[in-house]
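Trainee: Can you keep this structure in mind? I'll have questions shortly.
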Amino acid sequence: MLKQRIITAAILGPLMVAGLFGLDGGGFAIFTGGVVALAAWEWANLAGIVRLAPRLAYVAALVALMIVGWFSGAVHATWPLWLALGGWLLSLYWVARYPDGGHQWRSTPRRALIGMWVLLPCWVGFVQLRADGLEWLLYVLLLVWLADIGAYFAGRRFGRRKLASQVSPGKSWEGVYGGMMVTALLALGYATGLSLSIADTLWLVVATLLVTLVSVLGDLLESMFKRWRGIKDSGRVLPGHGGILDRIDSLTAAVPLFALLRLWL
């Protein structure tokens, strides 16, 4: 398993870096759209769509919406980001009450629809952040990765109080606090490097802490659907790492929210 993880990371790492930081405009939109389309294939399974033709149709529908969004200019609008914010607030309610309240999302059409508002705003957020410059795209990626690392080590060392035992028993509040401490330091370091004013620095710290919390929710929502479906990984496309969704679940929540908050920075 470890060998598979290393080989996969060694191959995909440079490709992801090249795609995320070496492309812009339409090329970047196509690259990130491809990643989102692969995630949609896996989300279809989470929704209970298991036959080939309906899963392909689900992916095709999402790709069609991305194309329409690009040519209509909706990809540069703020309403998809507000849609994401409303959806994640609703997701917080579902995760906090799991397994109660499952009647609100357990049907296949509803879970499929949830996948659309999770994945499409994530793509929109990526495109908008890239248009703002590489520094903010890099920032949100670092935020999510460092939050995950901080949460892992803080949770292992100090974890006592369960965050959502019915959804993800391994996560703790102490892990969340550890992730927030690390990302707060990231915000301060980034603000110093960009010579931000005191007001902008404070806003970046606040926004970073909010996005850190929401990134955890992205992980929990996917875990909730996987638990409901009785599966461990969202897919097998990445040997040793699971599926695409397993790697970007936190980003699906963090990217659109940070892109929205970025408008006020």
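The values are calculated or read from the model by the stated rules, or taken from the named source; none is laboratory data. Keep in mind that this is a model prediction, so the values were computed, not measured. Positions of Cβ are backbone-derived with ideal geometry, glycine not excepted, and every protein chain shown enters the neighbour counts.
Trainee: Without any contact (Cβ under 8 Å) to a residue 40 or more places away in the chain and part of a helix (DSSP H, G or I): does that describe Val182?
Mentor: yes
Trainee: If you check every pair at least six apart or on different chains, which have Cβ atoms under 6 Å apart with a residue in region 92-109 that is of a type outside the set (Val, Ile, Thr) first and a residue that is at pLDDT below 90 second?
Mentor: Trp94/Gly101; Tyr98/Gln166
Trainee: Take the residues in region 142-157 that are touching a residue at least 12 places away in the same chain (Cβ under 8 Å) and within 14 Å of Gly218 (Cβ to Cβ), then tell me which one is surrounded by the fewest Cβ atoms within 10 Å (Cβ to Cβ).
Mentor: Residue satisfying both the conditions and the ranking: Asp148.
Trainee: Can you run down the residue pairs with Cβ atoms below 8 Å, 6 or more apart or on separate chains, where the first is in region 60-85 and within 21 Å of Trp43 (Cβ to Cβ) and the partner is among the polar types (S, T, N, Q)?
Mentor: Val75/Gln128; Leu81/Gln128
Trainee: Right, next: Pairs needed: first member in region 203-229, closer than 15 Å to Pro256 by Cβ; second member anywhere, surrounded by fewer than 18 Cβ atoms within 10 Å (Cβ to Cβ) and aromatic (Phe, Trp, Tyr); C-beta distance under 9 Å; at least 6 residues apart or different chains.
Mentor: Pairs that qualify, where the first residue is closer than 15 Å to Pro256 by Cβ and the partner is surrounded by fewer than 18 Cβ atoms within 10 Å (Cβ to Cβ) and aromatic (Phe, Trp, Tyr), are Ala207/Trp264.
Trainee: For the subset of region 234-245 comprising residues that are within 22 Å of Gly48 (Cβ to Cβ) and assigned to a loop (DSSP other than H, G, I, E, B), which member is modelled with the lowest pLDDT?
Mentor: Val237
Trainee: Can you tell me which residue in region 85-120 is nearest to Lys226 (Cα to Cα), limited to those that are hydrophobic (A, V, I, L, M, F, W, C) and touching a Leu at 6+ places or on another chain (Cβ under 7 Å)?
Mentor: It comes out as Val95.
Trainee: Of the residues Ile248, Ile231, only one is β-branched (Val, Ile, Thr) and assigned to a helix (DSSP H, G or I); which?
Mentor: Ile248
Trainee: So Phe126 fits all but one of (1) in contact (Cβ under 8 Å) with a residue 24 or more places away in the chain; (2) outside any helix (DSSP H, G or I); what number is the exception?
Mentor: (2)
Trainee: List every residue pair whose Cβ atoms lie under 9 Å apart, where the two residues are 6 or more positions apart in sequence or sit on different chains, the first residue falls within region 242-259 and is at negative phi, and the second residue, located anywhere, is of a type in the set (Lys, Arg).
Mentor: These pairs meet every condition: Gly243/Arg236; Leu245/Lys226; Asp246/Lys226.
Trainee: Still on this structure, please answer the following. Can you find, within region 189-212, the residue that is surrounded by the fewest Cβ atoms within 10 Å (Cβ to Cβ) among those that are touching a helix residue (DSSP H, G or I) at 6+ places or on another chain (Cβ under 7 Å) and within 18 Å of Ile149 (Cβ to Cβ)?
Mentor: Taking the candidates together, the pick is Leu209.
Trainee: For region 1-114, which fully contained helices (runs of 4 or more DSSP H) count at least 1 residues that are surrounded by fewer than 18 Cβ atoms within 10 Å (Cβ to Cβ) and at pLDDT 95 or above?
Mentor: The helices (runs of 4 or more DSSP H) meeting that bar are 25-46, 52-72, 79-97.
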